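Written below as structure tokens is the structure these notes are about.
The values are calculated or read from the model by the stated rules, or taken from the named source; none is laboratory data. Model, not experiment: these values are computed from the prediction. Methodologically, a virtual Cβ is constructed for each residue, glycine included, from the backbone with ideal geometry; neighbour enumeration extends over all protein chains shown. Ligands, DNA and RNA are stripped out before the accessible areas are found, and what is left, the full protein with its side chains, is counted by its heavy atoms. Shrake-Rupley method; radii C 1.70, N 1.55, O 1.52, S 1.80 Å.
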Amino acid sequence: MEYLINPIKMGGLVKEVSNGMIKVHLHGRLGVICVPEKLIQFDEPLEPGVEMEFYFSYIEVIDNPYDYDCADMVTSHEISPCLLGGKIIEVNDTAAKIAIMNQMGTIAVPRRWMFTPVALEVGQDVQFYFSCMNVVGKRDIPVESI
């Protein structure tokens, strides 16, 4: 079964900053992404409530992963989507968690974001589009509300 995954610009709010890692809750309760600070374009200190934008796609389970190139995952130019690989590290009846290649963080999304003709299992290879993140503002809301 062939799928076409396309990146779209998405947004989220920083929930937590800890040990160089940033936890971003996606708008619309679509998941949580944890990435290192090096993948974020920012001028001001990162803190809860900071609004992020980035490219992301559905996640496709694949049998034969490509030799993915993440060289464009840098913050020195405008954000652009890259096709990346990863592995499923957790799966339950409602969600799956993916380890992004090259220790670039994790993505936890509802199962509806996963394209696959087979049952989801820990250890399966996946691919998806993702980009660095760009700070676009700050919301003045309590951390508990994020």
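Kindly indicate whether any position in the range 35-48 is within 20 Å of residue 10 (Cβ to Cβ), crowded, with 17+ Cβ neighbours inside 10 Å, hydrophobic (A, V, I, L, M, F, W, C) and modelled with pLDDT of 95 or more. Yes; the residues of the range 35-48 include at least one that is within 20 Å of residue 10 (Cβ to Cβ), crowded, with 17+ Cβ neighbours inside 10 Å, hydrophobic (A, V, I, L, M, F, W, C) and modelled with pLDDT of 95 or more. Please determine whether any residue of the range 83-94 is of a type in the set (Gly, Ala, Ser) and modelled with pLDDT under 95. No, the range 83-94 has no match at all. Scanning the range 43-89 for residues that are touching a helix residue (DSSP H, G or I) at 6+ places or on another chain (Cβ under 8 Å) and assigned to a loop (DSSP other than H, G, I, E, B) gives 46, 48, 49, 58, 68, 70, 73, 75.
Of the residues making up the range 83-100, those that are of a type outside the set (Val, Ile, Thr) and within 18 Å of residue 22 (Cβ to Cβ) number 4. Restricting attention to the range 90-105, the residues being within 20 Å of residue 67 (Cα to Cα), part of a strand (DSSP E or B) and either basic (Lys, Arg) or open to solvent by 30 Å² or more (accessible area, probe 1.4 Å) (or both) number 1. Number of residues in the range 4-33 that are under 21 Å from residue 111 (Cβ atoms), open to solvent by 30 Å² or more (accessible area, probe 1.4 Å) and part of a strand (DSSP E or B) equals 4.
Quick one: is residue 61 surrounded by 13 or more Cβ atoms within 10 Å (Cβ to Cβ), closer than 30 Å to residue 119 by Cβ and out of contact with any strand residue (DSSP E or B) (no Cβ under 6 Å at 6 or more places or on another chain)? No. Quick one: is residue 55 touching a residue at least 24 places away in the same chain (Cβ under 8 Å), open to solvent by 50 Å² or more (accessible area, probe 1.4 Å) and of a type outside the set (A, V, I, L, M, F, W, C)? For residue 55, the condition - touching a residue at least 24 places away in the same chain (Cβ under 8 Å), open to solvent by 50 Å² or more (accessible area, probe 1.4 Å) and of a type outside the set (A, V, I, L, M, F, W, C) - is met. Being under 21 Å from residue 73 (Cα atoms), assigned to a strand (DSSP E or B), open to solvent by 60 Å² or more (accessible area, probe 1.4 Å) and in contact with an Asp or Glu (Cβ under 8 Å, 6 or more places away or on another chain) is a condition met by at least one residue of the range 120-143.
Taking each residue of the range 117-137 that is of a type in the set (Ser, Thr, Tyr) and looking for partners that are outside any loop (DSSP other than H, G, I, E, B) and open to solvent by 70 Å² or more (accessible area, probe 1.4 Å) with beta-carbon atoms closer than 6 Å, six or more apart or interchain, yields nothing.
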